[in-house]
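J.: Let me begin by handing over the structure; questions about it come next.
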Amino acid sequence: MGSVCSSRSSAPVEASPTTKMPSLKLVYFDGKGRGEPIRWILAAGGQAFEQEKFGFEEWPAKKPTTPYGSVPLLEVDGEPLCQTLAIARYAGTIGGLVSTDPFKNALGDEAADTMAELCSTFFSTMFEKDAEKKAADEKKLFEETMPKIFGLWESRMSTKFLTADKPIWQDVFLGHWLSRFAEINPQLIAKYPKLTALKDAVLQIDGVKKYLANPPTYSIPL
Ligand SMILES: N[C@@H](CCC(=O)N[C@@H](CS)C(=O)NCC(=O)O)C(=O)O
């Protein structure tokens, strides 16, 4: 652990020719984690972005250089923006992935906040070292917490996406995580047809489709 921060960068994701964009650089581990939903939202909004990716061994040197000691971090014209949901919201806003109805946006935020909490629990569970506690935590997450939340969302959905038939960034955020959970175990979302349809619709958004047509490979598996 603890070498200098990597300056490895991937090629910028191609942007829509009509979009006027700030210069964006996403700083995150060389893995999906909390970075991947942001990549999807940037791609969905047609935003070009560079990336700085690094391994766990580089993190101790990198951490003190970040404002909150955590990533993801998005550099916007060189200025750091932190916190996953703040970055996701900004990426969605510049990409036009917002509802013009403030209440609908707030409902989308409610879902994204809830999904972010679910993901924090998911990460803690994945990194739990005590095998007995890990098994108990996984059981609670997969058999109680997720069904409760997914069931609530399923019962509330009446449109293709969360709040309309047009996607907002919160749909992309949810769609990403539903896809990840389905990869881990398809049964986690199989019994929720509307959420499954939302996930599939997110995968069909042009920018997401294009991004996933050439999927990145990562050295960190999570
Ligand atoms: N609330 C923060 C949490 C970020 C977070 O915990 N990031 C992890 C990576 S997914 C991290 O930086 N871990 C290293 C550390 O905390 O030292 C956010 O949503 O961005």
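The values are calculated or read from the model by the stated rules, or taken from the named source; none is laboratory data. Computed from a predicted model, the values in this text were never measured in an experiment. Quick reminder, even Gly has a Cβ in these numbers, built from the backbone with ideal geometry, and neighbours come from all protein chains shown. Surface accessibility is based on the protein's heavy atoms, side chains included, excluding ligands, DNA and RNA. Shrake-Rupley method; radii C 1.70, N 1.55, O 1.52, S 1.80 Å.
J.: What residue, of P80, P72, P102, is within 13 Å of the ligand (Cβ to nearest atom) and open to solvent by 50 Å² or more (accessible area, probe 1.4 Å)?
T.: The conditions single out P80.
J.: Within the set of pairs 6 or more residues apart or between chains, which connect a residue that is without any contact (Cβ under 8 Å) to a residue 60 or more places away in the chain and crowded, with 21+ Cβ neighbours inside 10 Å inside segment 151-179 to a residue that is part of a helix (DSSP H, G or I) and acidic (D, E) with Cβ atoms less than 7 Å apart?
T.: F161/D171; L162/D171
J.: Please pick out the residue among R34, R39 that is within 15 Å of the chain's Cα centre (by Cα), within 12 Å of the ligand (Cβ to nearest atom) and charged (D, E, K, R).
T.: Going through R34, R39 in turn, just one is within 15 Å of the chain's Cα centre (by Cα), within 12 Å of the ligand (Cβ to nearest atom) and charged (D, E, K, R): R34.
J.: I'm told K140 meets every condition in (1) farther than 19 Å from W177 by Cβ; (2) over 16 Å from the mean Cα position of the chain (by Cα) except one. Can you identify the failing condition by its number?
T.: (1)
J.: Does segment 108-130 contain any residue that is buried (at least 16 other Cβ atoms within 10 Å of the Cβ) and over 22 Å from S179 (Cβ atoms)?
T.: no
J.: With the condition kept exactly as written, say whether any residue in segment 2-14 is open to solvent by 30 Å² or more (accessible area, probe 1.4 Å), at pLDDT 95 or above and within 16 Å of the ligand (Cβ to nearest atom).
T.: no
J.: A further question on this structure: Go through segment 50-63 and give me each residue that's more than 10 Å from the ligand (Cβ to nearest atom) and open to solvent by 20 Å² or more (accessible area, probe 1.4 Å).
T.: Residues satisfying the conditions are E50, K53, E57, A61.
J.: Identify, by number, the condition in (1) at pLDDT 95 or above; (2) within 16 Å of P37 (Cα to Cα); (3) assigned to a helix (DSSP H, G or I) that P167 doesn't meet.
T.: (3)
J.: To continue, here is another question. Could you please find all residues in segment 131-150 being open to solvent by less than 70 Å² (accessible area, probe 1.4 Å) and among the basic types (K, R)?
T.: Passing the criteria: only K134.
J.: Condition check: of a type in the set (D, E) and either farther than 18 Å from A43 by Cα or outside the structural domain of V27 (by TED's automatic domain parsing) (or both). Does E75 satisfy that?
T.: No.
J.: Return the pair list, or none, for Cβ contacts closer than 7 Å from residues in segment 70-99 that are at pLDDT 95 or above to residues that are charged (D, E, K, R) and in a helix (DSSP H, G or I), at least 6 apart or on different chains.
T.: That search, which allows pairs on different chains as well, returns L85/D113.
J.: Assess whether A91 counts as being within 20 Å of the chain's Cα centre (by Cα) and in the same structural domain as I38 (by TED's automatic domain parsing).
T.: Considered against the rule, which asks whether it is within 20 Å of the chain's Cα centre (by Cα) and in the same structural domain as I38 (by TED's automatic domain parsing), A91 comes out as yes.
J.: Residue under question is T93, and the condition is that it be within 16 Å of F123 (Cβ to Cβ) and in contact with a helix residue (DSSP H, G or I) (Cβ under 8 Å, 6 or more places away or on another chain); does it hold?
T.: Against the criterion (within 16 Å of F123 (Cβ to Cβ) and in contact with a helix residue (DSSP H, G or I) (Cβ under 8 Å, 6 or more places away or on another chain)), T93 does not qualify.
J.: Based on what the data block shows, is L85 in a strand (DSSP E or B), within 12 Å of the ligand (Cβ to nearest atom) and either open to solvent by 20 Å² or more (accessible area, probe 1.4 Å) or closer than 24 Å to I168 by Cβ (or both)?
T.: no
J.: Answer yes or no: is there a residue in segment 129-151 that is part of a loop (DSSP other than H, G, I, E, B) and over 18 Å from A201 (Cα atoms).
T.: So far as segment 129-151 goes, yes, one or more of its residues are part of a loop (DSSP other than H, G, I, E, B) and over 18 Å from A201 (Cα atoms).
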